[in-house]
Amino acid sequence: MSSTGTVLRELRGAQKSSKGVSLYSRYVNRPAGRLLAAGAYRTRLTPNQVTLISAAFTLASIAAVALAEPSWWLGAAVWAGLAVGFAFDSADGQLARLTGRGGPDGEWLDHVVDCAKMILVHTAVLVCFYRFGELPADGWLLLPLGFLFTAVLTFCAGLLREQLGKAAARTAPAAPGPAAPVSRLRAVALLPADYGVFCLVFLLLGAPGAFRAGYAVLAVVHAVFLVAFLAKWFRELKALRAG
């Protein structure tokens, strides 16, 4: 079996494009996922098994938000579990590309886990607010519901944009051209919409007021990004029809 160093070099050559990827995913999550993918390769794990490991870390952390009383140590544990789960989420795709063992079943499983993660994390915050929040007003309970709507709509609309774009490319393939340069400014601008950055807000669980404020700010930012993404994706799909 190849050494870990050899596997890491091969993984670096099998990375997806960095276009449209935030700095966190590019410089933190993908490298962490690469190390995990190398370890998974050395231990003969399959990509689907790595996806299930990601789900285990993520779901355990989400359950803790809903079931345990907020504290600083809980916030640190939740953030760590979510961050590790996110890194394994990157590792499964990297392992699949390295081994050539990816397929529709793996892509389906990955999307199912991602969707479940999005629904459950905001549901857990809602439960946490209700059980432990000592909220200034009951209206705060609407915040996780709004964030949940924004997250799911962004996920579904983005996934549909990707699939419709692939279908259009198969029926009318475009002539290859030079690859667009990766914009560092765009990578910085996308940071607030990155799931890895979202996970950081749980470090504030020990201060309920600060957690509510940070969560609210992220909810507003994600709503603004949703509007921008929907307009962008609609224009792109309309251009595909015109072409």
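The values are calculated or read from the model by the stated rules, or taken from the named source; none is laboratory data. Model, not experiment: these values are computed from the prediction. All Cβ positions, glycine included, derive from the backbone under ideal geometry; neighbour counts span all protein chains shown. Just so you know, the surface numbers come from the protein's heavy atoms only, side chains and all, with ligands and any DNA or RNA stripped out. Shrake-Rupley method; radii C 1.70, N 1.55, O 1.52, S 1.80 Å.
At 1.4 Å probe size, put 95, 109 in order of accessible surface, largest to smallest.
Working: 95 0, 109 35 Å².
Descending order: 109, 95.
Report the full-extension gain for the segment residue 185 to residue 142: residue separation times 0.36 nm, less the Cα-Cα distance, to one decimal in nm.
Details: separation 43, 0.36 × 43 = 15.48 nm, distance 3.31 nm.
Stretched out fully, the residue 185 to residue 142 stretch lengthens by 12.2 nm.
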**Request:** Determine the distance separating the Cα centre of segment 107-164 from the Cα centre of segment 66-100; give it in Å without decimals.
**Result:** 16 Å
**Item:** Under Karplus coefficients 6.51, -1.76 and 1.60, residue-wise ³J(HN,Hα) of segment 231-236 in Hz, glycine/proline x
**Value:** 5, 5, 5, 5, 4, 5
**Asked** Got a number for the accessible area of residue 186? Probe 1.4 Å, square angstrom, nearest 10.
**Response** 100 Å²
**Request:** Please give the net charge around residue 33, taking every other residue with its beta carbon less than 10 angstrom from that of residue 33, where Lys and Arg add +1 and Asp and Glu add -1.
**Result:** 0
**Request:** Obtain the nm distance between the two label points defined at residue 130 and residue 240 by a simple spin-label model: each point lies 7 Å from its Cα along the Cα-to-C-beta direction.
**Result:** 3.9 nm
**Request:** Report which label in (i) 19.2, 59; (ii) 16.9, 51; (iii) 16.9, 54 holds the value of Rg and Dmax of the Cα atoms in Å derived from the coordinates of this structure.
**Result:** (i)
**Item:** Neighbour net charge for residue 123 - beta-carbon separation under 14 angstrom, K R +1, D E -1
**Value:** +2
**Fill in**
Phi angles of segment 22-37, converted by Karplus (6.51 cos²θ - 1.76 cosθ + 1.60, θ = phi - 60°) into ³J(HN,Hα) in whole Hz with x for Gly and Pro, give 6, 4, 4, 5, 6, 10, 10, 6, 5, x, 5, x, 5, 5, 5, 5
**Message:** Under a crude label model (7 Å from the Cα following the beta-carbon direction), how far is residue 159 from residue 105 in nanometres?
**Reply:** 1.9 nm
**Prompt:** When the chain is modelled as a GNM with alpha-carbon springs shorter than 10 Å, which of 189, 38, 83 fluctuates the most?
**Reply:** 189
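Taking the Cβ of residue 141 as the centre, find all other residues whose Cβ is under 13 Å away and add up their charges (Lys, Arg: +1; Asp, Glu: -1). Intermediate values should be presented prior to the final figure.
Numbers: positive: 131, 212; negative: 134, 138.
Charge balance near residue 141 sits at 0.
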**Asked** Which of these, 63, 168, 96, has the largest mean-square fluctuation under a Gaussian network model of the chain (Cα springs below 10 Å)?
**Response** 168
**Request:** Return the sequence-ordered ³J(HN,Hα) values of segment 97-107 in whole Hz as given by the Karplus equation 6.51 cos²θ - 1.76 cosθ + 1.60 applied to θ = phi - 60°, using x for Gly and Pro.
**Result:** 5, 5, 8, x, 9, x, x, x, 5, x, 5
**Request:** In a Gaussian network model over the chain where Cα atoms closer than 10 Å are linked, find which of 200, 143, 67 has the largest mean-square fluctuation.
**Result:** 67
